[in-house]
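Notes to accompany the following structure.
The values are calculated or read from the model by the stated rules, or taken from the named source; none is laboratory data. In this text, all values refer to a predicted model and were calculated from it rather than measured experimentally. Here the Cβ is made from the backbone with ideal geometry for all residues, glycine too, and neighbour counts use every protein chain on show. Remember, those area values only see protein heavy atoms, side chains included, never the ligands or the DNA or RNA. Shrake-Rupley method; radii C 1.70, N 1.55, O 1.52, S 1.80 Å.
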Amino acid sequence: MKLKELERPAVQVWSPASQCPVYLATGTSAQQLDASFSTNGTLEIFEVDFRDPSLDLKRKGVLSASSRFYKLIWGSFGNGLLEASGVIAGGGNNGMLTLYNVTHILSSGKEPVIAQRQKHTGAVRALDFNPFQGHLLATGASDSEIFIWDLNNLNVPMTPGSKSQQPPEDIKALAWNRQVQHILASAHPSGKAVVWDLRKNEPIIKVSDHSNRMHSSGLAWHPEIATQLVLCSEDDRLPVIQLWDLRFASSPLKVLESHSRGILSVSWSQADPELLLSSAKDNQILCWNLGSGEVVYKLPTQSSWCFDVQWCPRDPPVFSAASFDGWISLYSVMGRSWEVQQIRQADKISSSFSKGQPLPPLQVPEQVAQASLIPPLQKPPKWMRRPAGVSFAFGGKLVTFGLPSTPAHQVPQPCLRLVFVSQVTTESEFLRRSAELQESLGSGNLLNYCHNKIELTSLQSEKMLWQFLKVTLEQDSRVKFLKLLGYSKDELQKKVATWLKSDLGLGESPQSEGDDHSNRQQVFCSQASKHITEEASASSTFFDELVPQSMTPWEIPITEDTDGLLSQALLLGELGPAVELCLKEERFADAIILAQAGGADLLKQTQECYWAKKKSRISSLLACVVRKNWKDMVCTCSLQNWREALALLLTYSGPEKFPELCDMLGTRMEQEGGRALTSEARLCYVCSGNVEQLVECWAKCHQASSPLALQDLMEKVMVLNRSLELLRGPDGVSSGPATTYRVTQYAHLLAAQGSLATAMSYLPRDCTQPPIQQLRDRLFHAQGSGVMGQQCPPFPFPRVVVGATPHSKETSSYRLGFQFSHQVPTPSLRPRIFTPLVTPLTPSHSSPYQSSRMQNISDYRSPGPQAAQPLPLGPGVRPGPQDSLKNAPVPRTNLQRKKLPETFMPPAPITTPVMSLTSEPRGVLSSQPSVPGVGHAPPGAPGELSLQQLQQRPPEKVERKELPPEHRSLKISFDKLLRRCSLSAADLKTKRKLDEAAQRLECLYEKLCQGTLSPHVLAGLREVARCVDAGSFEQGLAVHAQVAGCSSFSEVSSFMPVLKAVLTIAHKLHT
């Protein structure tokens, strides 16, 4: 395709490859005259900016020259200086050689002419700078003159040797060897090429065609092979390009014949040695592949001869062409429609008349319209080939390749290209701890594992947590939990006994108690000693001493004071008034004793009155113990006494309510306490055995989860799960969404480090979530021979027969003798899982909504005798969206299926990127009968609403009922999020999106009122709301993706997309 063009009757030269930006220098051609017959010369420098879509070039410098030019060459001499841009050498008439400083031309400051030398006789038509020593310039002119100039000293040039050509001829071209710095070649009109050795100052070899019809016009050395060069002939009788190898100089190695008239110039690509450009008198520019000798690129016929073509040194696909019609054009060999250039030029012409009446669209002339497409190169050029490549594969494998270090011409054919597969391990500590955990789980010796964790942990909160986890594995766990909290029955009894003894000692010592008291105590002790034995314990002796066996006669008061009224009430059996009298006189002990005799109701009323009147530091605790209202205690106690609250639950709460109360206490500690209490709340979840809450609490404390942090969590989760299995049995433990997500994330980390078997062992066996099933399937097949003898997991993807109508599925499969198998992977939660076995007939990445409608037909692991296997792609290769569009299923009416031959041998499916597995035995094709009505039209078919259309459909205004109380928290969280985002959003576009989202969320609230959402969707929405309240929008998006991937399209399509949009906006605003 044409990139740029310039109307100049000039010769051209590109800036060196090291120059940036790219420049193109032009000098007025000595071989052309315009209508003015002016002989003035001009040297111009243009910047080539491919970012500019126009065809024009920007002129950066201009200089008047004393003569016109036959040849220009741009060298990198002086580029070591910061301001230097190289040197341009121009060959003119009468042997004139002029050197220009490019920097001075561009800046228009100092004198740009470095030197002028008129050493040659005749026109200087050949110039070339040495690629190894930039200060050496070779020039050639008439009379077989060749000079080697040293730009550091231009006084006396040297010659490569004596004039060997007799009679003397013009020097048509000069070229330094690209591999050996002292080798120079010259081309002569007689068809000969002379190779000079500057070390010997003599020609060392001459090559010429025996036909004597060669008229050499161009010469070029091979960029990589030092002994090969090409010569082109401008003779119309022999318009050929000859490839010579100096090792076999008797005849050309290859002759290229596609031009119909003489060839004027050639240019060898330095970026791809297989590509050679040529222009000829037949108005054609051809690009050759020297390996095959074929034309791989051809420009449309030009209106004039192109006398010079040159590859751009910096941009490999670009080349320039100078023609005799006074135009210099820049093209790319990557190919594009020629009509595009014509239409763009027509638009440019139309736009120039924009001030007047609008012109009708310009029509491209029929002659030009037939110029056809410019095909791209038939083979990828070398600059597009990767010299090396690296890709990570599943299971922590690193796949690398590289080109051989030896030159291409020295590599034997065919050459073996090595691909290296390495196991990458970046988390050695993570793997070591994972192996320890796996060993302990396998041996069942988790008590020692917990003990070691306690010994190695320095943080007190972690030490306490591991102590609690250890207790869950032991018997009588509640008593041991109390001991860890600092409460022990044995120690309490000792403290009480010590306290009582100390009180008793203090009561005996004073002498001021009076003789009556001492005598009465002696009577009690003497009477009690008659009825006790020597084996009685100290505690029983104490209580026996309080009950004397005989007392003096007592009397009943009948006075009108309180005691008298109390006696009368008791005599009449009125216990209620008696209790009231006691309470009024604050005789609480008498009141409670009387209330016990009056029944449970009277006792309860008395207790309430007592607690209302008697306020002390321990009255609330006494009330809790007596009332057994532990829920109120959990909700109202001070969080500073969370240990005491947990101890009360461990002591008094029943096994039915205990887990719920512990969870309530832990949740309150998370919500109302700080970060320290959030960490301590984990102890409550360990006591209750709530793994899900433990994981969620961990997520709050570890927002950025590192592998080691996730390993800490998995150690605690696995130990707690094992204790629950011992208590409830294997079937009594189930994982929630948060636990499942973290276990899956842990399995992905293990798989990325190469521990495939360990990763598979952690996946929940009874989980039906698609991400878990897909990961299990991939882990199973990635292990190769390591899973021999194990049962293959169920295939995690639905299946369809591509292009088959529901009523003809069975008949078409039996008629063709095979069925196409298709994998429709459902996008999973991070990281996205990709199965390398895909069929290129169908999209490899379908939406979760589409995959839920696919019909499960068969499993690719049990194909029939003639079953067509899926075409394997390379490991780690993900087909892009263009492939998905190309391979999308089409309706039955547009699909033509070809029957495979009976001898067709399908390629073996790639099931692992490392080892080659033996193909599994082919059994009988097991297919499930099709269910009527299950098949659906492919995405985009008429009558099917796309997700975007569903999102754009405005919600219907219906009268909505009030939200149930259990769902109001969702609306509060989402409304609060919308308000926060709206206040933080600065642009109107985002605010408009938020307003639309608020309207569309009404669909969610309507479904909540109707109660039509499934339990797992409700649980996911609550988890999303929890993440929103905590400000963890990234985790909320992950939970959203998991819920959307596991739900039916009809259930969540009305609100899930807009909820994701709101979370995405919140995440961007938050970050």
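May I ask you to say which residue of Thr498, Thr457 is without any contact (Cβ under 8 Å) to a residue 40 or more places away in the chain, open to solvent by 50 Å² or more (accessible area, probe 1.4 Å), of a type in the set (Ser, Thr, Tyr) and out of contact with any Gly (no Cβ under 9 Å at 6 or more places or on another chain)? So that I can check it myself, show each step before the final result.
Numbers: Thr457 fails: open to solvent by 50 Å² or more (accessible area, probe 1.4 Å).
Exactly one of Thr498, Thr457 is without any contact (Cβ under 8 Å) to a residue 40 or more places away in the chain, open to solvent by 50 Å² or more (accessible area, probe 1.4 Å), of a type in the set (Ser, Thr, Tyr) and out of contact with any Gly (no Cβ under 9 Å at 6 or more places or on another chain), namely Thr498.
For region 1010-1069, how many residues are over 21 Å from Glu962 (Cα atoms), open to solvent by 40 Å² or more (accessible area, probe 1.4 Å) and not in a helix (DSSP H, G or I)?
The number of residues fulfilling the criteria is 1.
Could you pull out every one of the helices (runs of 4 or more DSSP H) wholly within region 563-629 that has 3 or more residues that are surrounded by fewer than 14 Cβ atoms within 10 Å (Cβ to Cβ) and more than 60 Å from the chain's Cα centre (by Cα)? Reasoning before the result, please.
Values: elements: 575-584, 588-597, 600-613, 619-627.
Those helices (runs of 4 or more DSSP H) span 588-597, 600-613.
Looking at region 67-166, what strands (runs of 3 or more DSSP E) fall wholly within it and have at least 2 residues that are in contact with an Asp or Glu (Cβ under 6 Å, 6 or more places away or on another chain) and open to solvent by 40 Å² or more (accessible area, probe 1.4 Å)?
Values: elements: 71-75, 87-91, 96-101, 113-118, 126-129, 136-140, 146-150, 153-158.
In region 67-166, there are no strands (runs of 3 or more DSSP E) which contain 2 or more residues that are in contact with an Asp or Glu (Cβ under 6 Å, 6 or more places away or on another chain) and open to solvent by 40 Å² or more (accessible area, probe 1.4 Å).
Counting just the residues of region 642-658 that are open to solvent by 40 Å² or more (accessible area, probe 1.4 Å) and in a helix (DSSP H, G or I), which one comes out nearest to Val479 (Cα to Cα)? Working first, answer last.
Quick first cut of region 642-658, residues open to solvent by 40 Å² or more (accessible area, probe 1.4 Å) only: 643-644, 651-652, 655-657.
Now restrict to residues that are in a helix (DSSP H, G or I): 643-644, 651-652.
Values: Arg643: 14, Glu644: 14, Thr651: 8, Tyr652: 12 Å.
That would be Thr651.
Which of the residues belonging to region 379-403 are modelled with pLDDT under 85 and surrounded by 13 or more Cβ atoms within 10 Å (Cβ to Cβ)? Before you say what the answer is, go through the steps one by one.
Applying the first criterion (modelled with pLDDT under 85) to region 379-403 yields 379-380, 385-387, 402-403.
The answer is Lys379, Gly402, Leu403.
Considering each of Pro189, Pro239, Pro252, Pro203 in turn, give the residue that is open to solvent by 10 Å² or more (accessible area, probe 1.4 Å), in a strand (DSSP E or B) and not small (Gly, Ala, Ser).
On the way: Pro189 fails: in a strand (DSSP E or B); Pro239 fails: in a strand (DSSP E or B); Pro252 fails: in a strand (DSSP E or B).
Within the list Pro189, Pro239, Pro252, Pro203, the selection yields Pro203.
Do we find a residue being over 23 Å from Ser323 (Cβ atoms), more than 57 Å from the chain's Cα centre (by Cα) and not β-branched (Val, Ile, Thr) anywhere in region 80-91?
no
Does Val787 qualify as being surrounded by fewer than 19 Cβ atoms within 10 Å (Cβ to Cβ) and on the phi < 0 side of the Ramachandran plot? Break it down into steps so the answer makes sense when it comes.
Details: surrounded by fewer than 19 Cβ atoms within 10 Å (Cβ to Cβ): yes; on the phi < 0 side of the Ramachandran plot: yes.
Answer is yes for this residue.
So, in region 43-66, how many residues would count as being of a type outside the set (A, V, I, L, M, F, W, C), part of a loop (DSSP other than H, G, I, E, B) and open to solvent by 30 Å² or more (accessible area, probe 1.4 Å)? Let's see the steps before the verdict.
If we filter region 43-66 for residues that are of a type outside the set (A, V, I, L, M, F, W, C), which is where we start, we get 44, 47, 49, 51-54, 56, 58-61, 64, 66.
Within this subset, residues satisfying the condition of being part of a loop (DSSP other than H, G, I, E, B) are 49, 51-54, 56, 66.
If we keep only those that are open to solvent by 30 Å² or more (accessible area, probe 1.4 Å) as well, we get 51-54, 56, 66.
Count: 6.
If we scan region 420-434, do we find a residue that is under 27 Å from Gly689 (Cα atoms), more than 38 Å from the chain's Cα centre (by Cα) and part of a helix (DSSP H, G or I)?
No.
For region 981-992, state whether one or more residues are over 15 Å from Ala738 (Cα atoms), in contact with a Cys (Cβ under 6 Å, 6 or more places away or on another chain) and crowded, with 20+ Cβ neighbours inside 10 Å.
No.
Checking Glu696 against (1) in contact (Cβ under 8 Å) with a residue 60 or more places away in the chain; (2) under 36 Å from the mean Cα position of the chain (by Cα); (3) more than 22 Å from Gln769 (Cβ to Cβ); (4) crowded, with 20+ Cβ neighbours inside 10 Å, which single condition isn't satisfied?
It is condition (3) that Glu696 fails.
Residues are listed down the side, and each one gets a yes or a no for (1) on the phi > 0 side of the Ramachandran plot; (2) in contact (Cβ under 8 Å) with a residue 60 or more places away in the chain; (3) among the basic types (Lys, Arg); (4) touching an Asp or Glu at 6+ places or on another chain (Cβ under 7 Å):
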site	(1), (2), (3), (4)
His222	no, no, no, no
Ala226	no, no, no, no
Leu229	no, no, no, no
Arg247	no, no, yes, no
His259	no, no, no, yes
Gly262	no, no, no, yes
Val266	no, no, no, no
Asp272	no, yes, no, no
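So which residues in region 1035-1062 are at pLDDT 85 or above and either under 19 Å from the mean Cα position of the chain (by Cα) or at positive phi (or both), if there are any at all?
Once the filter is applied, which keeps residues that are at pLDDT 85 or above and either under 19 Å from the mean Cα position of the chain (by Cα) or at positive phi (or both), region 1035-1062 yields Gln1035, Gly1036, Leu1037, Ala1038, Val1039, His1040, Lys1060.
Give me a count of the residues in region 270-324 that are farther than 17 Å from Trp383 by Cα and basic (Lys, Arg).
2
Gln467 fails exactly one of the following numbered conditions: (1) modelled with pLDDT of 90 or more; (2) open to solvent by 90 Å² or more (accessible area, probe 1.4 Å). What is the number of that condition?
Gln467 satisfies every listed condition except (2).
Considering (1) modelled with pLDDT of 90 or more; (2) of a type in the set (Val, Ile, Thr); (3) in contact with a Pro (Cβ under 9 Å, 6 or more places away or on another chain), say which one Val411 fails and leave the rest.
(1)
Return only the number of the condition from (1) in contact with a Gly (Cβ under 6 Å, 6 or more places away or on another chain); (2) open to solvent by less than 10 Å² (accessible area, probe 1.4 Å); (3) in contact (Cβ under 8 Å) with a residue 24 or more places away in the chain that Thr739 does not satisfy.
Of the numbered conditions (1) in contact with a Gly (Cβ under 6 Å, 6 or more places away or on another chain); (2) open to solvent by less than 10 Å² (accessible area, probe 1.4 Å); (3) in contact (Cβ under 8 Å) with a residue 24 or more places away in the chain, the odd one out for Thr739 is (1).
Given the residues Glu996, Glu959, Glu966, which is the only one that is open to solvent by 90 Å² or more (accessible area, probe 1.4 Å), charged (D, E, K, R) and at pLDDT 65 or above?
Numbers: Glu996 fails: open to solvent by 90 Å² or more (accessible area, probe 1.4 Å); Glu959 fails: at pLDDT 65 or above.
Going through Glu996, Glu959, Glu966 in turn, the sole match is Glu966.
Ala681: in contact with an Asp or Glu (Cβ under 7 Å, 6 or more places away or on another chain), free of Cβ contacts under 8 Å to residues at least 24 places away in the same chain and either open to solvent by 20 Å² or more (accessible area, probe 1.4 Å) or of a type in the set (Gly, Ala, Ser) (or both), yes or no? Spell out how you get there, then give the answer.
Numbers: in contact with an Asp or Glu (Cβ under 7 Å, 6 or more places away or on another chain): yes; free of Cβ contacts under 8 Å to residues at least 24 places away in the same chain: yes; either open to solvent by 20 Å² or more (accessible area, probe 1.4 Å) or of a type in the set (Gly, Ala, Ser) (or both): yes.
So Ala681 fits the description; yes.
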